[in-house]
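So the structure is just underneath, and the comments pick up after that.
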Amino acid sequence: MGTVISLAFPRDPAPGGHLVDDEFAAATAVVESLFQELDHTFSLYRPDSEANRLARGELLLQNASAAMRTLYADALDWRRRTEGAFTPKRPDGVVDLSGLVKGHAISEAGTSLLALGLHHWCLNAGGDVLVSGSPLPGSTQPGSTPPTSKAWQAGIVDPADRRALVAGYALGAGRRHAALATSGSAERGHHIWRQRGAAEEFVQVSVAAADVVTADVLATAIVAGGAPMLDRAADGWDISVLAVTAEGELLATPGFRS
Amino acid sequence: MTVRGAVSAALASAGILLAGWQAGAQVAEVQAPVAAMSVGATGGAAAGDGTSGTGSTDSGSSESSTAAGGTYTGASVQTRFGSVQVQITVKAGAITDVKALHLTDDDRKSVQISNRAAPLLRSEALAAQSANVQTISGATVTSDAYLTSLQAAIDAAHL
């Protein structure tokens, strides 16, 4: 199984400044190497990964790499903040940071793109999105004060029909949110460990947030924790949520209304 | 490991990276013709059929004809977050909209009250069905699924 990562740039990142092929190649190379590096460390599908040595008990957490320990600490922090809905441990006790790694990887990739001097892009890794700037950097929205440029429009796929969209959301270009993550059981089967007793209320949950890790973690937590977690997340974080129930109905916070 | 991408005259250009994410085996290399073929199939869906599943409902038209419908405004209630007044819109007996009419904005919590999730009609979801989207959330997790996804069509359209 692999994840496809899409990276989109405007044709003209800035007036007068053409994005040349070299820059484009450099950007994709940076993103690719970063994902590969993290995959080597954290994938539970690679027998030789650090995560697997940890899972087999060959490596103790206190002897693990700084990256592993940092992410594990982050995961424990998220578990506390979501009151257990998000957890870095599988039911069998194995430390599984994959709920955090993808968001972390996207976030790091975004930082690298900014470090390359690229300010207008849209990065999509397996359906989790982080954007910067605008698809039309020079543009302004009519009637808006202060003038904002055109936002990246993200569509949210319909879990009942993967070729249809269920909603849209504007990201970046001065909007509240630059990241949108979707969790659910539609694509990979039931890969999220539900909290004990929590019914399967939502088949898909999308969360828009300022950063992609928050969006990703909370989307996962809401699928796992159901409506109580949805309320806690909407109250406690500056996010927008769109949840699709098992019956196909939509629940949304005001950010998803036009 | 394949990196595909080019800068074209289109609005935005897409580079596609296939990363062996959480994969023991190398991801199958996607040749451009294959991707182009899948686009031929899904591109049409993105532009046309894709919208039909969710319907081309016009949100306002049924408003007056439904029996248990209308807009209701609740009393202003003092809460520990400040004064809150809520208006709900009911169509065909179901709440379709919850609007906070009055909130105190002096601290962060008072605004968050309005952020609770409420039922939403598909036609009310921020119009995306026909919108020109640049990216898709939730579309794919695996590279296999990617080939038949809207995201693949979007990426290819920009190449």
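The values are calculated or read from the model by the stated rules, or taken from the named source; none is laboratory data. These numbers were taken from a predicted model, which means no experiment stands behind them. Please note: Cβ atoms are built from the backbone with ideal geometry, for glycine as well, and neighbour counts cover all protein chains shown. With ligands, DNA and RNA removed, areas are computed over all heavy atoms of the protein, side chains included. Shrake-Rupley method; radii C 1.70, N 1.55, O 1.52, S 1.80 Å.
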Of all accessible heavy-atom area on the range A:72-139, the percent that carbon and sulfur account for (1.4 Å)
49 percent
Surface accessible to a 1.4 Å probe, A:LEU59 within the full protein complex, Å²:
30 Å²
Rg to Rh for the range A:205-258: what is it, with Cα atoms only and Rh by Kirkwood?
0.93
Order A:ARG175, A:ARG80 by their accessible area, 1.4 angstrom probe, all chains in place, largest first.
A:ARG80, A:ARG175
Not counting ligands, DNA or RNA, and with a 1.4 Å probe, what is A:ARG69's accessible surface area in Å² rounded to the nearest 10?
110 Å²
Tally Lys and Arg at +1 and Asp and Glu at -1 over the other residues with C-beta under 10 Å from the C-beta of A:HIS40: what net charge comes out?
-3
List every DSSP H helix in chain A whose Cα atoms extend 24 Å or more along the helix's own long axis and whose mean Kyte-Doolittle hydropathy is at least -1.0.
A:21-42, A:98-115
Determine the per residue accessible area of the range A:42-176 with all protein chains present and a 1.4 angstrom probe, expressed in square angstrom.
43 Å²
Say the dipole of chain A comes from +1 at the beta carbon of Lys and Arg and -1 at that of Asp and Glu; which of A:THR253, A:PHE9, A:THR28 then lies farthest toward its positive end?
A:THR253
Share of Cα-Cα pairs in the range A:1-139 lying beyond 26 Å, as whole percent:
35 percent
Radius 15 Å from Cβ of A:GLY172, net charge of other residues (Lys, Arg +1; Asp, Glu -1):
+1
Chain A: C-alpha gyration tensor shape, a/c 1.5 cut-off, then a/b vs b/c:
oblate
Accessible-area composition of the range A:212-255, carbon plus sulfur, in percent [1.4 Å probe]
54 percent
GNM on chain A, Cα springs under 10 Å; top mean-square fluctuation among A:GLY168, A:GLY110, A:GLY57 goes to A:GLY57
Accessible-area ranking of B:THR148, A:THR28, B:THR71, largest first, probe 1.4 Å
B:THR71, B:THR148, A:THR28
Nearest 100 Å², what total accessible surface is buried between chain B and chain A (probe 1.4 Å)?
6300 Å²
What net charge is computed for the residues neighbouring A:ALA208, neighbours being all others with C-beta under 15 Å from the C-beta of A:ALA208, Lys and Arg scored +1, Asp and Glu -1?
-1
For A:LYS89, the accessible surface traced by a 1.4 Å probe with all protein chains present amounts, in square angstrom to the nearest 10, to 80 Å²
